[in-house]
2 protein chains.
Amino acid sequence: MPRARSSETRERIQAAALELFAAKGVQQTSLREIAERLGVTKPALYYHFASREELVRSLVRPLVDEVEALLAADEARESVDPRALLAGYFDATYRHRRITLMIVRELVTLSYLDLGERIADWRWRLIALLTGPDAPLDAQARAIVAVGGMGDCMVFFADRPVEELRPATLNAAYAALGLPLIGD
Amino acid sequence: MPRARSSETRERIQAAALELFAAKGVQQTSLREIAERLGVTKPALYYHFASREELVRSLVRPLVDEVEALLAADEARESVDPRALLAGYFDATYRHRRITLMIVRELVTLSYLDLGERIADWRWRLIALLTGPDAPLDAQARAIVAVGGMGDCMVFFADRPVEELRPATLNAAYAALGLPLIGD
DNA sequence: GTCTATATACCGATAGAC
DNA sequence: GTCTATCGGTATATAGAC
């Protein structure tokens, strides 16, 4: 019977799947390919994951849980430090950057998960936290640019060490929001 | 014989395809669905397009040509006005916003086209135009945030009239780059 | 826990009649 | 220019042996 707890093989499947998903895309990767890379057969995967969808979902869950927790924590506060919030968001997505990248690049393909609405929801909650409720469009746009741009930096500067990438990315987000930069 | 010139039906196919692609994604839309929406059969599509790929390519071409021309024009100049460049880029992508959205959300899925490299290439050329060559990472990140954020604004404020959206979006991009805002 | 073998379905694309 | 019919391929998923 499939156990929710980690079996050795289960984690090997997840690792192989993530690698292939990152390389060729989720929808473009079949269970046969995942199985072949591990030297097992397709039905073996079904012992560990009830369906293809559940496999994808298991990969996405850590990131989703972490960002949800981050947002909930700040929403519970009565005052928000925008710079700390942006930094926390960067750190969470950077920690799971392969999955973040996979999600961002395949929002449509992954629409069978609740991810599309979920990520849009994150954005609106981040805007509310960063600008306050009912901010004018101009301020909202600057928050969208700040948050979205951070994701783009992770994509385009994927080869840079995080010690360089993190301050550069956060500074760009601060600038978009009109906040003082780190160097200043 | 299939004509390159517009036939009535050819354009109806493109319109139906674009609508379905925007709603459910490119890879998730089959030729059968496109044909059914038009009340014709699948092989009828093959009279107008040699393959599925050619159909997709025909939809993408107007945007690609326009952005390429925009970049080439500015690259030929000896001095660049960043605000004009950003505005031109906004206008081009807004004019073809359904296709832009489709491409951005499915970069991986559309990898069989040259789009992945092409769009990454656009970004680097925009960075070079906006920051000059060999700019430090900090400046490059701000350019990435500015350009990428504009796309995000188009997604998240898709319901706003362009008279509001355009200045708000451009202002956010200017802020990311540290340029003076429109209102100032 | 992993295998062989297979059920079922849909895909893109082509052949050839009208 | 559109049709019917079909090919060859691949997909997810399952049944049942070991």
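Excluding ligands, DNA and RNA and using a 1.4 Å probe, chains A and B jointly bury around 3100 Å² of accessible surface, summed across both partners. A simple charge model with +1 on the Cβ of Lys and Arg, -1 on the Cβ of Asp and Glu and nothing else charged puts the dipole of the range B:60-177 at about 300 debye relative to its Cα centre.
Straightening the chain between B:GLU78 and B:TYR47 buys 6.4 nm, computed as 0.36 nm per residue apart minus the Cα-Cα spacing.
Exposed loop sites are taken as trypsin sites (Lys or Arg not before Pro) in a DSSP loop (any state but H, G, I, E or B) with at most 16 other beta carbon atoms within 10 Å; the longest stretch of chain A without one runs A:78-184. Rolling a 1.4 Å probe over the protein heavy atoms of chain B, with every protein chain left in place, gives an accessible area that is 53 percent carbon and sulfur. To the nearest ten degrees, helix A:52-76 and the longest principal axis of the Cα atoms of chain A are 20 degrees apart. Hydrodynamic estimate: the Kirkwood radius of the range A:1-50 over Cα pairs, inserted into Stokes-Einstein at 20 °C and 1.002 mPa s, corresponds to D of 195 µm²/s. At q = 0.20 Å⁻¹, work out log10 I(q)/I(0) for the range B:75-184 with the Debye formula, treating every Cα as an identical point scatterer and leaving solvent out; two decimals please. Cα-only, vacuum Debye calculation for the range B:75-184: -1.14.
Distance distribution P(r), the protein assembly as shown, all Cα-Cα pairs, bin width 20 angstrom from 0: 26, 55, 18, 0 percent. Counting only residues at least eight positions apart within a chain, or on another chain, the lysines with an alpha carbon under 20 Å from that of B:LYS42 are B:LYS24. Seen against the Cα atoms of chain B and their longest principal axis, helix B:82-95 is set at about 20 degrees. Taking B:TRP124, A:TRP122 and ordering them by how much accessible surface each has at a 1.4 Å probe, largest first, produces B:TRP124, A:TRP122.
So what's the angle, to the nearest 10 degrees on a 0 to 90 scale, between helix B:8-24 and the longest Cα principal axis of chain B? Taking Cα atoms only, the helix is inclined about 60 degrees.
Modelled spin labels at B:GLU36 and A:LYS24, positioned 7 Å past Cα toward Cβ, are 2.8 nm from each other. About the Cα centre of the protein assembly as shown, what is the dipole size in debye to 20, counting +1 per Lys and Arg Cβ and -1 per Asp and Glu Cβ, all else neutral? The calculated dipole for the protein assembly as shown is roughly 1400 debye. For the protein assembly as shown, the solvent-accessible area with a 1.4 angstrom probe is 48 square angstrom per residue. Once the convex hull of all Cα atoms in chain B is built, its volume per residue stands at 132 Å³.
Spatially, the range B:163-183 and the range A:133-158 are offset by 13 Å when compared through their Cα centroids. Secondary-structure-derived ellipticity at 222 nm for the protein assembly as shown, considering helices only, amounts to -23500 deg cm²/dmol, per-run term -39500 (n - 2.57) for DSSP H runs with n ≥ 4.
The values are calculated or read from the model by the stated rules, or taken from the named source; none is laboratory data. Here the structure is a predicted model, which is why all the values come from computation and not from measurement. Positions of Cβ are backbone-derived with ideal geometry, glycine not excepted, and every protein chain shown enters the neighbour counts. Side chains are part of the model used for accessible areas, which takes the heavy atoms of the whole protein and leaves out ligands, DNA and RNA. Shrake-Rupley method; radii C 1.70, N 1.55, O 1.52, S 1.80 Å.
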